[in-house]
Structures are given as structure tokens and as C-alpha cells.
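Notes follow the structure.
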Amino acid sequence: MMSQPANDFRLTLSHLSGSRVGEVEQFSRESILIGRGRHNDVALDSFLDPTVSTQHAEIRIEEGVWVLYDMGSLNGSFVNGHRIRRVELRNGDEITLGRAGPRIVFQGNAESESRSHHSRDLDPLRDTLSESSQVSVGPETVSEAMQSVKDETTVDSRSNQWLIAAIVLLVGIITALLLK
């Protein structure tokens, strides 16, 4: 006879919209990855769910509480209509991946379900900064932000270089045709 694990974490996700509408999934692990990539526990369709990033969000248990993290997705993660980076989940919370993306209802049991939760609203700054471990303004954060800006600038610079090269080529062709 098999015994139940000491930490019996269960999670149910009910898909309200998107490529998996009507499906209900159950998990018995401490971390669930959601996104379009095949490696995700909840793998969504890349054509039917275009607002979802390859690795969009993660739901994991922390100190007996289910927590949703946006994994830096382009279109964001929302809980009950509020954009979040990190939020403690409650039964019945509606997760939306991208503003108009797939909607999923969360149901979970964890150690904290038996104790009362403190009152929470879904203010994005409060949820993001509610724990001191989430606040980091050291050199690592600054360098990550600078690298992100540099990466975006590099992409824009390359696009501009191609545009300038195309214009120069076009002007050269027109000049050559006019001089004939």
C-alpha cells in the first residue's frame, strides 16, 4: 500500500478560453510551468494562443501558499483582471495570459488553505514588493535592466541599419538609371 506524501499539494486548472477551452488539469507537484513551449506542464498552442510566451508563468508553492509568477512574458500575466509579477493565489482566482489571452481558473489545496489568509488586494506594486526578498536594487538588477535596454537598442539599431542600406541602394539605382 502506497503512503501519501507528507506535503500533499494539489492544483487544478480549468481552462475557460484559449486553445484548451473546457479542459481541466490536475497536478500533484510543487511547481507548474505554463507557456507555449513543449517543455511546459501546461503547454498551450502557439498559433491559437499568440499572446502567450514560450515560458509565460509559473505557479509554485511557497511556505504553504500557491504563488503565481510572471516569467517576464511580453504580454503579462493577470489575476482577476490585474497585471501581476507575483501574487499569492486563492481558490477561484482567474489567471489570464496576456490581456486578451487564455483564461484559466485556479483551484489548489496547500497547507495554508486551512489557515486564514490575510486580506489582499491585487495592487501590482504591493504584490510585487510585498516581501523583502522580492526587492532588489543592487548591481545585478541594474545590470540586468541595462542589458535589456541594450538588447532592445541593438535590435532597433540593426533594423535601422538595414533600412538605411536599402534607401542608399535605392537612391544609387535611381541615380544610375537617370544618368543613362
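A short reminder: the numbers here are calculations on the coordinates, not readings from a lab. As the structure is a prediction and not an experimental result, all values here were calculated from the model. Every residue, glycine among them, receives a Cβ derived from its backbone with ideal geometry; neighbour counts consider all protein chains shown.
Applying the criteria of a DSSP loop state and at most 16 other Cβ atoms within 10 Å to the GluC sites (Glu not before Pro) of region 1-109 yields GLU23, GLU30, GLU63.
Overall, region 34-97 carries a charge dipole of about 180 debye about its Cα centre when +1 sits on the Cβ of Lys and Arg and -1 on the Cβ of Asp and Glu, all other atoms neutral.
Just to verify a number: FRET efficiency for ALA100 and TRP162, C-beta to C-beta distance, R0 = 22 Å, to 0.05? Given R0 = 22 Å and the Cβ-Cβ separation, E is 0.10. Note on region 48-98: along the principal axes its Cα atoms extend 33, 19, 17 Å, ordered by decreasing extent.
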